[in-house]
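To start, the structure itself, in structure tokens.
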Amino acid sequence: MKDIYQNYDAVQLAADEDFIRWVKNGTPEANASWQSWLDRHPEKREEVETARVLVQRIRFEPAKPAVDTDRLWARIQADKDKPAVVKPVGGRRRFLFGMAGAVAAAIALILFIVFGIERPNLVSTEYQEHLAVTLPDQSQVQLNAASTLSYDDSGRRIELDGEAFFAVEKGSSFVVKTDRGTVEVLGTQFNVYSRNDRFRVKCTEGRVQVTAPGDADGVILTPGMACELGADGRLVVENLSGLEAEVDWLKDIYRFDNQPLRAVFEEIERQFGVKIEADASISSINHVGFFEGNSLDSALFQVTLPHNLESSIEGKKVSIKQADTE
């Protein structure tokens, strides 16, 4: 991993050969290396996510005449205060998109002129941040923490990295594409989760079609159904009932069904902006339960108590270890 990446912005990352290779053809080793680097430099997460989305949209073509980027940046800076069509969700969330949206727009414009790519409409959230987004067709999106969303001018072709809930206006085909699978609908409500190696879709209204690279035929979901990408690359369908059928994170509740504590810790990190340290033996324990996003102390208590664990908080660092049995 290059130390100089600490000083790179999203434009520089998106033009770096090693970074492009990782985004386009990431190996498990490269994924682990970048995740480790982001854990050490959490302040660069938004830059990396922005660069990832832009690289995914690049069509590499012959070089075009050089552009006076200094002059271009000056023009962009003068016009960066245009309002974004987003709003924060929940009292404890931080509204950070104003400047982030301006920077993302600037990056997209430079890439459009320099590389000849289509300008994406880009929205991203940081840790502790939820956003409500209104798309051009008036479809509504709730974007969870540490997630990135881009869309075309119609607002009906979406790329997602992270988690979002969609309430889609009726109309032409509406497509949500992730690195792990694709969801296509006409008008409906559904939730998409796409992080690390996990891809999960839950339908709450209407019908959705879900496909994956290893499952081209895909599956059809109706309300009360979900599907998840299995280890073999096929989509596994579930019939849900009661609380299972709800989209809990919209109510600031985060539910887990026999998932490793590692995944639970990652969600706590996203929702509270902390870094959790725990031994691998603890992180691999499977967990059934939930935590609420209104209090870090309460969330840690809800997660650690069933496993006889204890936590300590020092600033933004949380340490979790086995509880003293004496």
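A few remarks follow.
- Cβ pairs under 7 Å, 6+ apart, first in segment 211-223 and part of a strand (DSSP E or B), second among the hydroxyl-bearing types (Ser, Thr, Tyr) and surrounded by 13 or more Cβ atoms within 10 Å (Cβ to Cβ): Thr211/Thr182; Gly218/Thr211
- Selected residue (criterion: farthest from Ala145 (Cα to Cα)) from residues of segment 239-256 that are touching an Asp or Glu at 6+ places or on another chain (Cβ under 7 Å) and assigned to a strand (DSSP E or B): Arg255
- Check on Val274, more than 30 Å from Met225 (Cβ to Cβ), surrounded by 15 or more Cβ atoms within 10 Å (Cβ to Cβ) and in contact (Cβ under 8 Å) with a residue 40 or more places away in the chain: yes
- Exclusive hit being part of a helix (DSSP H, G or I), within 23 Å of Ile158 (Cα to Cα), out of contact with any strand residue (DSSP E or B) (no Cβ under 9 Å at 6 or more places or on another chain) and modelled with pLDDT of 80 or more, set Val48, Val55: Val48
- Glu314 fulfils the conditions (1) in contact (Cβ under 8 Å) with a residue 24 or more places away in the chain; (2) among the acidic types (Asp, Glu); (3) closer than 23 Å to Glu43 by Cα except for a single criterion, (1).
- Among residues that are outside any helix (DSSP H, G or I) and either under 19 Å from the mean Cα position of the chain (by Cα) or without any contact (Cβ under 8 Å) to a residue 60 or more places away in the chain (or both), Val264 is not included.
- Selected residue (criterion: nearest to Ala212 (Cα to Cα)) from residues of segment 173-192 that are in a strand (DSSP E or B) and of a type in the set (A, V, I, L, M): Val183
- Residue in segment 117-126 that is surrounded by fewer than 22 Cβ atoms within 10 Å (Cβ to Cβ), in contact (Cβ under 8 Å) with a residue 24 or more places away in the chain and of a type outside the set (D, E, K, R) present: yes
The values are calculated or read from the model by the stated rules, or taken from the named source; none is laboratory data. Since we're looking at a predicted model, the values are computed, not measured. Heads up, the Cβs are rebuilt from the backbone with ideal geometry, glycines too, and the neighbour counts pull from every protein chain shown.
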